[in-house]
Amino acid sequence: MKLLFLNPSYGKGFCKTARWFARSRAREQRHPDYLCTAIAVLERDGHVCRFIDGAARDISYEETVEIFRDFSPDAVVVNATTPSIDSDLHYVKALKEEGGGRVFTLVLGPHVTAEPGDTLKRGSPFLDAVMRGEYDYTLKEFAATGDLFGLNGISYLRDGRIVHNPDRPFIEDLNDLPFPAWRHIDPRDYYAPAKRNPFITVITGRGCEGRCTFCLLPQTMYGRRYRTRSHEHVLDEIEHNLRLFPALKEIMFEDDTFTLKRFRPRLEKICTGIIKRKIRISWACNARADIEDPSLLRLMKRSGCRMVCVGFESGDEQVLKNLKKGISIDTMRRFARACRIAGISVHGCFVIGAPGETTDSIKKTAGFAALLPIDTVQFSGLCPYPGTEFYHWCKENNYLIARDWNEWVDDKGEQRTIVHYPNLPCEEMNRAIDGLLYGFYARPGYILSQIFHPKSFYEIQSRAKALFNFINHLWVTKG
């Protein structure tokens with residue numbers, strides 16, 4: 001079977017700024033890693049695939065149609081997101097019509113997993129099915145049999161009635177999955193200010209055992225149980241990626257939380273393996289702010305760890321409890337200090353708009369962030385994406401001001417704050433976010449430390465780009 005995979009270019013109402021500046025924490029992203037793994041599963045079975053990352057490469061609608069005509073696939077698989085769902089379904093309709101109705105049209109991703117019925121109604125009659133949850137083996141079975149409607153993990157319309165087939169069980173042996181089919185992408189198309197570019201992502205496990213109410217992928221796609229690959233399998237993939245892309249500057253371990261306490265023996269084996277195999281590459285990861293073991297942090301540093309991306313979220317204990325973060329402010333402080341001593345940079349992520357947020361709690365967050373020994377920050381509006389506990393809570397309490405999915409962004413293409421509390425309007429939250437960012441980076445002590453104590457020449461370049469991006473963001477949002 002021939003399958004065309006599509007990350008559509010964002011439709012009208014989006015701009016490039018939304019790709020590098022994250023106003024909304026836990027936003028949906030069109031990462032290619034999961035799609036490229038599913039493509040590799042299909043190619044291993046002899047199917048022919050093509051991947052168009054229109055969002056990353058700014059491939060127009062017209063170019064997409066031309067590629068479709070040249071490739072002439074049997075099925076089109078579209079990765080959809082919440083604010084772009086109508087635009088994504090426009091591609092589904094166009095390609096269905098272009099194929100004379102003979103091509104299968106499928107959508108997948110967190111949004112459609114959480115809202116399969118709404119997606120099918122919006123996409124009818126051009127959308128054949130929604131693939132819910134972890135889709136690698138759903139696609140594998142579909143491509144092998146051509147039978148779309150007898151599969152687990154599928155939702156579709158039959159005689160105007162929505163049919164949800166049983167959920168597909170999670171993949172238990174992730175070592176059985178091939179390495180992502182990276183030949184379909186160019187890492188230079190994926191710029192991120194906090195990372196050394198070009199970089200590539202490695203996913204060593206799926207799911208997360210945290211209980212955060214807002215985190216998207218564990219609640220919609222991969223579950224709240226951390227399923228891991230073996231350390232040897234991970235090390236083999238890193239070496240494979242470096243052979244494929246010798247110019248890579250960094251590896252990003254994109255697991256929701258790469259450093260979960262119960263799995264730290266595996267983390268130590270990965271670090272030790274990098275050292276023993278003499279893999280010389282900088283790496284970063286998503287980390288939980290509860291590592292206090294200096295020896296583990298030193299081992300991470302020795303193996304190439306440059307930066308950890310950490311969700312501190314708030315400087316108010318009650319807000320952290322409301323988010324079910326499961327970690328205290330004192331623990332976070334000790335973690336940040338330990339990273340500084342180990343020489344590991346910390347990118348701190350903070351949210352505004354959590355349940356119980358007030359002007360006082362925002363001030364506490366500002367003070368907390370200013371006193372932490374961290375290098376860069378992200379203050380974002382907490383976004384209630386469908387399928388999360390936070391979304392259901394906001395909806396039940398009538399706190400959502402967005403009435404349709406396309407209202408998740410403003411008319412300039414920026415993801416916007418869409419939660420409005422009686423004591424804290426969304427406009428006030430937006431002002432607070434910009435004020436917090438400016439306040440953190442404009443501190444004389446911070447500026448002097450970055451000038452006189454940079455960790456590397458790259459860090460100087462990175463800070464300069466971050467400053468330019470922030471100024472550009474202010475220009476876009478104010479202008």
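The values are calculated or read from the model by the stated rules, or taken from the named source; none is laboratory data. All values derive from a computational prediction rather than experimental measurement. As a convention, Cβ positions derive from the backbone with ideal geometry for all residues, glycine included, and neighbour counts pool all protein chains shown.
Tell me yes or no: at least one residue of region 374-387 is among the hydrophobic types (A, V, I, L, M, F, W, C) and assigned to a helix (DSSP H, G or I). No, because not a single residue in region 374-387 is among the hydrophobic types (A, V, I, L, M, F, W, C) and assigned to a helix (DSSP H, G or I). A count restricted to region 247-299 and to residues that are of a type in the set (A, V, I, L, M), within 15 Å of G343 (Cβ to Cβ) and touching an Asp or Glu at 6+ places or on another chain (Cβ under 9 Å) stands at 3.
Selection within region 70-81: residues that are not acidic (D, E) and not in a loop (DSSP other than H, G, I, E, B). The member of this set that is farthest from the chain's Cα centre (by Cα) is F71. Of the residues making up region 276-291, those that are closer than 22 Å to R206 by Cα and in contact with a helix residue (DSSP H, G or I) (Cβ under 7 Å, 6 or more places away or on another chain) are A289, D290, I291. Residues that are of a type outside the set (V, I, T), in a helix (DSSP H, G or I) and over 13 Å from V234 (Cβ atoms) within region 254-275 comprise K261, R262, R264, P265, listed in sequence order.
Would you call E172 acidic (D, E), in a helix (DSSP H, G or I) and over 21 Å from the mean Cα position of the chain (by Cα)? No: the conditions fail for E172.
Within region 208-226, not a single residue is assigned to a helix (DSSP H, G or I), touching a residue at least 24 places away in the same chain (Cβ under 8 Å) and over 26 Å from V130 (Cα atoms). The set of residues from region 252-275 being basic (K, R) and in contact with a helix residue (DSSP H, G or I) (Cβ under 9 Å, 6 or more places away or on another chain) comprises R264, R266, K269.
As for region 350-365, it holds no residue that is touching a Phe, Trp or Tyr at 6+ places or on another chain (Cβ under 6 Å), within 24 Å of C208 (Cα to Cα) and either surrounded by fewer than 23 Cβ atoms within 10 Å (Cβ to Cβ) or free of Cβ contacts under 8 Å to residues at least 60 places away in the same chain (or both). Within region 314-362, the residues that satisfy the criterion of being in a helix (DSSP H, G or I) and β-branched (V, I, T) are V319, I329, T331, I341, T359, I362. Among the residues of region 206-237, those identified as hydroxyl-bearing (S, T, Y) and within 23 Å of G273 (Cβ to Cβ) are Y226, T228, S230. The C-beta contact set for region 419-448 (first residue part of a helix (DSSP H, G or I), second residue charged (D, E, K, R), distance under 8 angstrom, 6+ apart or interchain) comprises C426/R416; M429/E357; N430/R416; I433/R23. Note on region 154-193: residues that are over 21 Å from L35 (Cβ atoms), among the hydrophobic types (A, V, I, L, M, F, W, C) and buried (at least 17 other Cβ atoms within 10 Å of the Cβ) amount to 1. When region 276-286 is filtered for residues that are among the charged types (D, E, K, R) and in a loop (DSSP other than H, G, I, E, B), the ones remaining, listed by number, are R277, K278, R280.
If you take the residues of region 1-31 that are of a type outside the set (D, E, K, R) and at pLDDT 90 or above, which of them is nearest to C215 (Cα to Cα)? Once the filter is applied, the top-ranked residue is N7. Sort out which residues of region 49-69 are in a helix (DSSP H, G or I), of a type outside the set (V, I, T), touching a residue at least 24 places away in the same chain (Cβ under 8 Å) and over 19 Å from C36 (Cα atoms), and write them in order of number. Selection gives Y61, R69.
Which one of the conditions (1) of a type outside the set (D, E); (2) in contact (Cβ under 8 Å) with a residue 60 or more places away in the chain; (3) touching a helix residue (DSSP H, G or I) at 6+ places or on another chain (Cβ under 8 Å) does L299 fail to meet, given that it meets all the rest? That leaves (2) as the condition not met. Residues in region 292-305 that are modelled with pLDDT of 95 or more and assigned to a loop (DSSP other than H, G, I, E, B): S303, G304. Picking from residues in region 289-335 that are acidic (D, E) and under 23 Å from M252 (Cβ atoms), the one that is surrounded by the most Cβ atoms within 10 Å (Cβ to Cβ) is E313.
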